[in-house]
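A short write-up of the structure that comes next.
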Amino acid sequence: MSSRTLPPFDPADPLGIDDLLCAEDLAVRDTVRSWAADRVLPYIADWYERGELPGLRELARELGEMGALGMSLRGYGCAGASAVQYGLACLELEAADSGVRSLVSVQGSLAMYAIHRYGSEEQKQRWLPGMASGEIIGCFGLTEPDHGSDPAAMRTYAKRDGTDWVLSGRKMWITNGSVAGVAVLWAQTEDGIRGFVVPTDTPGFSASEIKHKWSLRASVTSELVLDEVRLPADAVLPSATGLRGPLGCLSHARYGIVWGAMGAARASFDAALDYAKTREQFGKPIGGFQLTQAKLADMAVELHKGVLLAHHLGRRMDAGKLRPEQVSFGKLNNVREAIEICRTARTILGANGISLEYPVMRHATNLESVLTYEGTVEMHQLVLGKALTGEDAFR
(Lines give C-alpha, C1' and ligand atoms only; values in the text may rest on other atoms or scores of the structure.)
Protein backbone atom coordinates (compact mmCIF):
# COMPACT_ATOMS: atom_id res chain seq x y z
CA MET A 1 0.00 0.00 0.00
CA SER A 2 1.26 3.47 -0.86
CA SER A 3 2.52 5.52 2.05
CA ARG A 4 1.52 8.76 0.33
CA THR A 5 -0.65 10.95 2.54
CA LEU A 6 -4.12 11.45 1.13
CA PRO A 7 -5.47 14.97 0.83
CA PRO A 8 -8.02 15.92 3.48
CA PHE A 9 -11.70 15.40 2.76
CA ASP A 10 -13.29 18.63 1.53
CA PRO A 11 -17.03 18.87 2.31
CA ALA A 12 -17.34 21.51 -0.43
CA ASP A 13 -15.73 19.22 -3.00
CA PRO A 14 -16.15 15.64 -1.75
CA LEU A 15 -15.29 14.05 -5.11
CA GLY A 16 -12.23 16.21 -5.76
CA ILE A 17 -13.76 17.63 -8.95
CA ASP A 18 -11.62 20.75 -8.64
CA ASP A 19 -8.65 18.54 -9.55
CA LEU A 20 -10.14 18.34 -13.05
CA LEU A 21 -9.97 22.12 -13.46
CA CYS A 22 -6.97 24.08 -14.68
CA ALA A 23 -5.81 27.38 -13.19
CA GLU A 24 -7.70 29.36 -15.84
CA ASP A 25 -10.91 27.43 -15.11
CA LEU A 26 -10.59 28.20 -11.41
CA ALA A 27 -9.85 31.86 -12.11
CA VAL A 28 -13.01 32.17 -14.21
CA ARG A 29 -15.09 30.48 -11.53
CA ASP A 30 -13.66 32.61 -8.74
CA THR A 31 -14.12 35.84 -10.69
CA VAL A 32 -17.81 35.16 -11.35
CA ARG A 33 -18.38 33.94 -7.80
CA SER A 34 -16.82 37.11 -6.39
CA TRP A 35 -18.89 39.33 -8.69
CA ALA A 36 -22.12 37.56 -7.73
CA ALA A 37 -21.27 37.81 -4.03
CA ASP A 38 -20.73 41.56 -4.37
CA ARG A 39 -23.38 42.59 -6.91
CA VAL A 40 -26.23 40.10 -6.51
CA LEU A 41 -26.34 38.25 -3.19
CA PRO A 42 -26.72 41.29 -0.91
CA TYR A 43 -29.78 42.46 -2.85
CA ILE A 44 -31.40 39.45 -4.46
CA ALA A 45 -33.95 38.68 -1.73
CA ASP A 46 -35.28 42.22 -1.99
CA TRP A 47 -35.34 42.11 -5.80
CA TYR A 48 -37.16 38.80 -5.68
CA GLU A 49 -39.71 40.02 -3.16
CA ARG A 50 -40.36 43.14 -5.26
CA GLY A 51 -40.47 41.16 -8.49
CA GLU A 52 -37.84 43.34 -10.16
CA LEU A 53 -34.33 43.25 -11.53
CA PRO A 54 -33.30 46.88 -11.01
CA GLY A 55 -30.16 48.09 -12.67
CA LEU A 56 -30.36 45.34 -15.29
CA ARG A 57 -28.51 47.38 -17.90
CA GLU A 58 -25.70 48.20 -15.49
CA LEU A 59 -25.45 44.54 -14.48
CA ALA A 60 -25.32 43.57 -18.15
CA ARG A 61 -22.44 45.96 -18.79
CA GLU A 62 -20.55 44.55 -15.81
CA LEU A 63 -21.14 41.02 -17.06
CA GLY A 64 -19.87 42.14 -20.45
CA GLU A 65 -16.72 43.55 -18.89
CA MET A 66 -16.12 40.14 -17.28
CA GLY A 67 -16.54 38.44 -20.66
CA ALA A 68 -19.62 36.52 -19.47
CA LEU A 69 -21.87 37.47 -22.42
CA GLY A 70 -21.44 35.18 -25.41
CA MET A 71 -18.66 33.74 -23.31
CA SER A 72 -17.91 30.62 -25.37
CA LEU A 73 -18.20 32.40 -28.74
CA ARG A 74 -15.12 33.56 -30.62
CA GLY A 75 -14.47 36.90 -32.25
CA TYR A 76 -16.61 40.04 -32.33
CA GLY A 77 -15.62 41.00 -28.79
CA CYS A 78 -16.53 37.63 -27.29
CA ALA A 79 -14.28 35.95 -24.74
CA GLY A 80 -13.75 32.68 -26.59
CA ALA A 81 -13.79 30.74 -23.31
CA SER A 82 -14.09 26.97 -23.11
CA ALA A 83 -17.44 25.25 -22.65
CA VAL A 84 -16.37 24.16 -19.16
CA GLN A 85 -15.50 27.75 -18.22
CA TYR A 86 -18.86 28.95 -19.49
CA GLY A 87 -20.53 26.20 -17.46
CA LEU A 88 -18.68 27.20 -14.31
CA ALA A 89 -19.86 30.77 -14.83
CA CYS A 90 -23.46 29.58 -15.19
CA LEU A 91 -23.16 27.57 -11.98
CA GLU A 92 -21.89 30.55 -10.01
CA LEU A 93 -24.50 32.92 -11.46
CA GLU A 94 -27.36 30.56 -10.66
CA ALA A 95 -26.01 29.98 -7.18
CA ALA A 96 -26.90 33.66 -6.78
CA ASP A 97 -30.20 33.48 -8.67
CA SER A 98 -31.67 31.75 -11.71
CA GLY A 99 -32.87 35.09 -13.06
CA VAL A 100 -29.32 36.41 -13.38
CA ARG A 101 -28.17 33.22 -15.07
CA SER A 102 -31.17 33.47 -17.42
CA LEU A 103 -30.13 36.99 -18.41
CA VAL A 104 -26.71 35.66 -19.40
CA SER A 105 -28.03 32.50 -21.06
CA VAL A 106 -30.59 34.26 -23.24
CA GLN A 107 -28.13 36.97 -24.20
CA GLY A 108 -25.24 34.67 -25.05
CA SER A 109 -26.52 31.17 -25.74
CA LEU A 110 -29.69 32.14 -27.59
CA ALA A 111 -29.64 35.63 -29.12
CA MET A 112 -25.88 35.99 -29.67
CA TYR A 113 -25.38 32.33 -30.55
CA ALA A 114 -28.11 32.54 -33.20
CA ILE A 115 -26.44 35.52 -34.87
CA HIS A 116 -22.95 34.05 -34.49
CA ARG A 117 -23.93 30.62 -35.82
CA TYR A 118 -26.52 31.49 -38.48
CA GLY A 119 -26.07 35.19 -39.24
CA SER A 120 -24.41 37.04 -42.06
CA GLU A 121 -21.08 38.77 -41.55
CA GLU A 122 -22.89 42.10 -41.64
CA GLN A 123 -25.29 40.97 -38.90
CA LYS A 124 -22.41 39.73 -36.77
CA GLN A 125 -20.47 42.97 -37.13
CA ARG A 126 -23.52 45.08 -36.41
CA TRP A 127 -24.81 43.34 -33.30
CA LEU A 128 -22.32 41.04 -31.60
CA PRO A 129 -19.73 43.53 -30.27
CA GLY A 130 -22.40 45.61 -28.55
CA MET A 131 -24.10 42.51 -27.18
CA ALA A 132 -20.80 41.11 -25.90
CA SER A 133 -20.13 44.35 -24.01
CA GLY A 134 -23.64 44.43 -22.57
CA GLU A 135 -24.47 47.72 -24.25
CA ILE A 136 -27.14 45.98 -26.33
CA ILE A 137 -29.56 43.53 -24.69
CA GLY A 138 -30.92 40.71 -26.83
CA CYS A 139 -33.91 38.40 -26.60
CA PHE A 140 -34.98 35.22 -28.39
CA GLY A 141 -38.56 34.76 -29.54
CA LEU A 142 -39.65 31.18 -30.21
CA THR A 143 -42.36 30.24 -27.67
CA GLU A 144 -45.89 31.47 -28.38
CA PRO A 145 -49.03 31.70 -26.19
CA ASP A 146 -50.39 28.46 -27.68
CA HIS A 147 -47.19 26.73 -28.81
CA GLY A 148 -44.26 25.85 -26.56
CA SER A 149 -43.09 22.25 -26.83
CA ASP A 150 -44.28 22.07 -30.45
CA PRO A 151 -42.58 25.05 -32.14
CA ALA A 152 -43.27 23.61 -35.59
CA ALA A 153 -46.89 24.68 -35.06
CA MET A 154 -46.02 28.34 -34.40
CA ARG A 155 -48.42 30.88 -35.84
CA THR A 156 -46.09 33.83 -36.22
CA TYR A 157 -45.74 34.34 -39.95
CA ALA A 158 -43.36 36.24 -42.19
CA LYS A 159 -44.49 37.03 -45.72
CA ARG A 160 -42.60 38.63 -48.53
CA ASP A 161 -43.61 42.05 -49.83
CA GLY A 162 -41.30 42.90 -52.68
CA THR A 163 -37.81 42.58 -51.24
CA ASP A 164 -39.06 43.15 -47.67
CA TRP A 165 -40.36 40.77 -45.05
CA VAL A 166 -43.48 41.52 -42.98
CA LEU A 167 -43.84 39.73 -39.63
CA SER A 168 -47.04 39.25 -37.66
CA GLY A 169 -47.69 37.23 -34.52
CA ARG A 170 -47.01 36.96 -30.79
CA LYS A 171 -44.29 35.46 -28.63
CA MET A 172 -44.69 34.61 -24.94
CA TRP A 173 -42.46 34.10 -21.89
CA ILE A 174 -39.55 35.94 -23.50
CA THR A 175 -36.68 36.72 -21.13
CA ASN A 176 -35.24 40.24 -21.60
CA GLY A 177 -38.03 41.03 -24.09
CA SER A 178 -39.11 44.47 -22.86
CA VAL A 179 -35.54 45.72 -22.30
CA ALA A 180 -33.98 44.28 -25.46
CA GLY A 181 -32.52 46.37 -28.26
CA VAL A 182 -32.57 43.45 -30.66
CA ALA A 183 -34.75 40.36 -30.93
CA VAL A 184 -34.03 37.12 -32.74
CA LEU A 185 -37.48 35.98 -33.86
CA TRP A 186 -38.60 32.76 -35.51
CA ALA A 187 -41.53 32.66 -37.93
CA GLN A 188 -43.24 30.49 -40.47
CA THR A 189 -42.58 31.40 -44.12
CA GLU A 190 -43.48 29.80 -47.43
CA ASP A 191 -40.00 28.26 -47.33
CA GLY A 192 -40.31 26.88 -43.80
CA ILE A 193 -39.33 28.34 -40.43
CA ARG A 194 -36.80 31.18 -40.65
CA GLY A 195 -35.05 33.39 -38.14
CA PHE A 196 -35.01 37.19 -38.25
CA VAL A 197 -32.86 39.79 -36.52
CA VAL A 198 -35.25 42.54 -35.49
CA PRO A 199 -34.27 45.90 -33.94
CA THR A 200 -36.88 46.45 -31.26
CA ASP A 201 -37.48 50.05 -32.31
CA THR A 202 -38.91 48.80 -35.63
CA PRO A 203 -42.51 50.05 -36.09
CA GLY A 204 -45.04 47.38 -35.18
CA PHE A 205 -42.81 45.71 -32.57
CA SER A 206 -43.96 46.02 -28.96
CA ALA A 207 -43.13 44.22 -25.72
CA SER A 208 -44.91 44.23 -22.38
CA GLU A 209 -43.51 42.79 -19.16
CA ILE A 210 -45.31 39.83 -17.61
CA LYS A 211 -46.14 40.43 -13.96
CA HIS A 212 -47.65 38.32 -11.15
CA LYS A 213 -45.00 35.59 -11.42
CA TRP A 214 -44.16 33.39 -8.45
CA SER A 215 -40.97 32.15 -10.09
CA LEU A 216 -38.01 33.94 -11.71
CA ARG A 217 -39.27 37.10 -10.07
CA ALA A 218 -35.87 38.82 -10.39
CA SER A 219 -35.96 38.46 -14.16
CA VAL A 220 -37.60 40.43 -16.96
CA THR A 221 -40.14 38.21 -18.74
CA SER A 222 -42.22 39.62 -21.58
CA GLU A 223 -44.81 39.12 -24.27
CA LEU A 224 -43.84 40.29 -27.74
CA VAL A 225 -46.42 41.52 -30.27
CA LEU A 226 -45.51 41.77 -33.95
CA ASP A 227 -48.00 43.91 -35.82
CA GLU A 228 -46.99 43.97 -39.48
CA VAL A 229 -43.31 44.49 -38.63
CA ARG A 230 -41.59 45.40 -41.90
CA LEU A 231 -37.98 44.28 -42.27
CA PRO A 232 -35.46 44.52 -45.10
CA ALA A 233 -34.36 41.39 -46.94
CA ASP A 234 -31.09 41.26 -45.01
CA ALA A 235 -32.89 40.84 -41.67
CA VAL A 236 -33.23 37.10 -42.22
CA LEU A 237 -30.61 34.75 -40.75
CA PRO A 238 -29.18 33.28 -43.97
CA SER A 239 -27.90 29.98 -42.56
CA ALA A 240 -30.98 28.88 -40.60
CA THR A 241 -33.86 27.13 -42.35
CA GLY A 242 -36.36 24.92 -40.55
CA LEU A 243 -36.40 23.95 -36.89
CA ARG A 244 -32.74 22.97 -36.89
CA GLY A 245 -31.83 26.63 -36.37
CA PRO A 246 -33.79 27.41 -33.19
CA LEU A 247 -33.26 23.90 -31.79
CA GLY A 248 -29.52 24.30 -32.21
CA CYS A 249 -29.68 27.49 -30.16
CA LEU A 250 -31.78 25.78 -27.49
CA SER A 251 -29.30 22.93 -27.20
CA HIS A 252 -26.52 25.43 -26.55
CA ALA A 253 -28.59 27.18 -23.88
CA ARG A 254 -29.69 23.91 -22.26
CA TYR A 255 -26.05 23.05 -21.76
CA GLY A 256 -25.70 26.12 -19.52
CA ILE A 257 -28.75 25.03 -17.54
CA VAL A 258 -27.10 21.67 -16.81
CA TRP A 259 -24.47 23.61 -14.87
CA GLY A 260 -26.70 26.40 -13.60
CA ALA A 261 -29.18 24.10 -11.86
CA MET A 262 -26.34 22.74 -9.77
CA GLY A 263 -25.57 26.27 -8.64
CA ALA A 264 -29.08 26.65 -7.23
CA ALA A 265 -28.73 23.22 -5.64
CA ARG A 266 -25.36 24.07 -4.12
CA ALA A 267 -26.63 27.29 -2.57
CA SER A 268 -29.55 25.43 -1.00
CA PHE A 269 -27.34 22.57 0.22
CA ASP A 270 -24.84 25.00 1.75
CA ALA A 271 -27.64 26.83 3.56
CA ALA A 272 -28.98 23.54 4.93
CA LEU A 273 -25.55 22.32 6.01
CA ASP A 274 -24.72 25.56 7.82
CA TYR A 275 -28.12 25.55 9.49
CA ALA A 276 -27.77 21.92 10.59
CA LYS A 277 -24.49 22.77 12.34
CA THR A 278 -25.97 25.59 14.41
CA ARG A 279 -29.67 24.84 14.93
CA GLU A 280 -30.13 22.98 18.22
CA GLN A 281 -33.00 20.70 19.16
CA PHE A 282 -33.12 18.13 21.97
CA GLY A 283 -29.84 19.40 23.33
CA LYS A 284 -27.58 19.26 20.27
CA PRO A 285 -27.24 20.56 16.68
CA ILE A 286 -29.69 18.86 14.34
CA GLY A 287 -26.73 17.90 12.17
CA GLY A 288 -25.90 15.36 14.86
CA PHE A 289 -29.06 13.36 14.25
CA GLN A 290 -29.07 10.41 11.88
CA LEU A 291 -32.07 11.53 9.82
CA THR A 292 -30.53 14.94 9.13
CA GLN A 293 -27.18 13.39 8.22
CA ALA A 294 -28.94 10.99 5.85
CA LYS A 295 -30.61 13.92 4.11
CA LEU A 296 -27.34 15.82 3.83
CA ALA A 297 -25.50 12.78 2.50
CA ASP A 298 -28.14 12.11 -0.16
CA MET A 299 -28.16 15.77 -1.19
CA ALA A 300 -24.37 15.86 -1.46
CA VAL A 301 -24.33 12.71 -3.60
CA GLU A 302 -26.83 14.08 -6.12
CA LEU A 303 -25.28 17.56 -6.13
CA HIS A 304 -21.77 16.43 -6.93
CA LYS A 305 -22.88 13.70 -9.33
CA GLY A 306 -24.68 16.49 -11.19
CA VAL A 307 -21.59 18.70 -11.25
CA LEU A 308 -19.53 15.77 -12.49
CA LEU A 309 -22.09 15.12 -15.24
CA ALA A 310 -22.00 18.79 -16.24
CA HIS A 311 -18.21 18.71 -16.37
CA HIS A 312 -18.26 15.59 -18.53
CA LEU A 313 -20.68 17.19 -20.98
CA GLY A 314 -18.54 20.32 -21.05
CA ARG A 315 -15.45 18.37 -22.00
CA ARG A 316 -17.44 16.66 -24.75
CA MET A 317 -18.61 20.05 -26.04
CA ASP A 318 -15.04 21.35 -26.03
CA ALA A 319 -14.02 18.27 -28.03
CA GLY A 320 -16.87 18.80 -30.53
CA LYS A 321 -18.51 15.52 -29.49
CA LEU A 322 -21.56 16.66 -27.50
CA ARG A 323 -24.83 15.39 -28.94
CA PRO A 324 -28.26 16.99 -28.32
CA GLU A 325 -29.45 13.79 -26.65
CA GLN A 326 -26.63 14.11 -24.14
CA VAL A 327 -27.67 17.68 -23.37
CA SER A 328 -31.21 16.39 -22.77
CA PHE A 329 -29.74 13.77 -20.43
CA GLY A 330 -28.02 16.49 -18.42
CA LYS A 331 -30.90 18.94 -18.36
CA LEU A 332 -33.41 16.27 -17.34
CA ASN A 333 -31.28 14.86 -14.54
CA ASN A 334 -29.74 17.99 -13.09
CA VAL A 335 -32.81 20.20 -12.90
CA ARG A 336 -34.92 17.40 -11.50
CA GLU A 337 -32.32 16.57 -8.85
CA ALA A 338 -31.73 20.25 -8.05
CA ILE A 339 -35.40 20.71 -7.22
CA GLU A 340 -35.31 17.69 -4.93
CA ILE A 341 -32.20 19.04 -3.20
CA CYS A 342 -33.96 22.37 -2.60
CA ARG A 343 -37.04 20.64 -1.21
CA THR A 344 -34.97 18.49 1.13
CA ALA A 345 -32.96 21.53 2.23
CA ARG A 346 -36.23 23.25 3.08
CA THR A 347 -37.16 20.41 5.43
CA ILE A 348 -33.86 20.78 7.29
CA LEU A 349 -34.49 24.50 7.76
CA GLY A 350 -38.02 23.80 8.93
CA ALA A 351 -40.24 26.88 9.01
CA ASN A 352 -37.21 29.09 8.36
CA GLY A 353 -36.92 27.39 5.00
CA ILE A 354 -39.78 29.45 3.61
CA SER A 355 -38.20 32.75 4.62
CA LEU A 356 -36.37 34.95 2.13
CA GLU A 357 -33.69 35.35 4.78
CA TYR A 358 -32.50 32.02 3.37
CA PRO A 359 -32.11 31.23 -0.36
CA VAL A 360 -33.80 27.84 -0.38
CA MET A 361 -37.41 28.63 -1.25
CA ARG A 362 -36.34 31.24 -3.80
CA HIS A 363 -34.19 28.69 -5.59
CA ALA A 364 -36.91 26.05 -5.37
CA THR A 365 -39.52 28.27 -6.98
CA ASN A 366 -37.07 29.47 -9.64
CA LEU A 367 -36.23 25.91 -10.56
CA GLU A 368 -39.89 25.17 -11.24
CA SER A 369 -39.51 27.51 -14.23
CA VAL A 370 -36.13 26.08 -15.20
CA LEU A 371 -37.72 22.62 -15.16
CA THR A 372 -40.19 23.76 -17.81
CA TYR A 373 -38.36 26.18 -20.06
CA GLU A 374 -36.06 25.12 -22.88
CA GLY A 375 -37.63 21.68 -22.87
CA THR A 376 -40.00 20.21 -20.29
CA VAL A 377 -39.23 17.03 -18.39
CA GLU A 378 -41.57 15.14 -20.72
CA MET A 379 -39.88 16.41 -23.88
CA HIS A 380 -36.41 15.44 -22.69
CA GLN A 381 -37.69 12.04 -21.62
CA LEU A 382 -39.04 11.55 -25.15
CA VAL A 383 -35.78 12.73 -26.72
CA LEU A 384 -33.94 10.08 -24.72
CA GLY A 385 -36.67 7.53 -25.34
CA LYS A 386 -36.34 7.98 -29.08
CA ALA A 387 -32.55 7.75 -28.86
CA LEU A 388 -32.79 4.54 -26.84
CA THR A 389 -35.50 2.76 -28.83
CA GLY A 390 -35.35 4.33 -32.28
CA GLU A 391 -39.10 4.99 -32.04
CA ASP A 392 -40.49 8.52 -32.27
CA ALA A 393 -43.17 8.95 -29.57
CA PHE A 394 -43.66 12.71 -29.99
CA ARG A 395 -46.76 12.27 -32.13
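The values are calculated or read from the model by the stated rules, or taken from the named source; none is laboratory data. Values in this document were obtained by computation on a predicted structure and should not be read as measured data. Note: ideal-geometry Cβ built from the backbone for every residue, glycine included; neighbour counts use all protein chains shown. Ligands, DNA and RNA are stripped out before the accessible areas are found, and what is left, the full protein with its side chains, is counted by its heavy atoms. Shrake-Rupley method; radii C 1.70, N 1.55, O 1.52, S 1.80 Å.
Given a 1.4 Å probe and the protein chains all in place, what does the accessible area of T189 round to, in Å² to the nearest 10?
10 Å²
Helix 377-389 versus the longest principal axis of the chain: what is the Cα-based angle in degrees, 0 to 90, to the nearest 10?
90 degrees
How would you rank 251-262, 369-380, 31-42, 8-19, highest first, on the average number of other Cβ atoms within 10 Å across their residues?
251-262, 369-380, 31-42, 8-19
At R0 = 30 Å, how high is the FRET efficiency between S355 and R57 if r is their beta carbon distance? Nearest 0.05 is fine.
0.50
Output needed for segment 354-395: three equivalent-ellipsoid semi-axes, defined as square roots of 5 times the C-alpha gyration tensor eigenvalues, in descending order, whole Å.
33, 8, 5
Do any of K159/K331; K159/K211; K305/K331; K321/K386; K171/K305 go past 25 Å between their Cα atoms, and which?
K159/K331; K159/K211; K171/K305
So how compact is segment 94-234: Cα radius of gyration and Dmax in angstrom?
Calculated on Cα positions, Rg and Dmax stand at 14.6, 50 Å.
Taking the Cα-to-Cβ direction at V301 and at D274 and moving 7 Å from each Cα, how far apart do the two end points lie in nm?
My value for the distance between the label points is 2.6 nm.
How long, wide and thick is segment 132-206, going by the Cα atoms along their three principal axes, in whole angstroms, largest first?
For segment 132-206, the Cα extents along the three principal axes come out at 36, 33, 21 Å.
Hey, what do the phi angles of segment 324-339 turn into as Karplus ³J(HN,Hα) couplings, whole Hz, using 6.51/-1.76/1.60 and θ = phi - 60°, x for Gly and Pro?
Result, rounded to whole Hz: x, 4, 6, 5, 4, 3, x, 5, 4, 5, 6, 5, 4, 6, 4, 4.
Where the centre of each part is set by its Cα atoms, how far does segment 49-127 sit from segment 287-343, in angstrom?
23 Å
Could you calculate the contour length gain from A153 to R117, that is, 0.36 nm times the residue separation minus the distance between their Cα atoms, to one decimal place in nm?
Stretched out fully, the A153 to R117 stretch lengthens by 10.6 nm.
Please report the base-10 log of the normalised intensity I(q)/I(0) for segment 301-377, using a Debye sum with one equal scatterer per alpha carbon and no solvent, at each q in 0.14, 0.17, 0.22 (1/Å).
-0.53, -0.71, -0.98
How much of the accessible area of segment 242-360, in percent, comes from carbon and sulfur atoms when a 1.4 Å probe is used?
54 percent
Once both axes come from the Cα atoms, what is the angle between helix 121-133 and the longest principal axis of the chain, in degrees from 0 to 90, rounded to 10?
The angle comes out at about 30 degrees.
Residues with amide H under 5 Å of L216's amide H, sequence separation 5 or more or different chain, H placed in the peptide plane at 1.01 Å from N; which?
For L216, the qualifying residues are N366.
Which ³J(HN,Hα) values, rounded to whole Hz and listed in residue order, are derived for segment 68-81 from phi using the Karplus coefficients 6.51, -1.76 and 1.60 in 6.51 cos²θ - 1.76 cosθ + 1.60 with θ = phi - 60°, glycine and proline given as x?
8, 9, x, 4, 8, 7, 10, x, 6, x, 7, 6, x, 6
For segment 231-348, what ratio Rg/Rh do Cα atoms give with a Kirkwood hydrodynamic radius?
Ratio of gyration radius to Kirkwood radius: 1.21.
Would you mind checking the radius of gyration and Dmax of the chain based on alpha-carbon positions, in Å?
Spelled out, the Cα radius of gyration and Dmax of the chain are 21.6, 80 Å.
Over all distinct Cα pairs, what is the inverse of the mean 1/r for segment 1-148, reported as the Kirkwood hydrodynamic radius in Å?
16.9 Å
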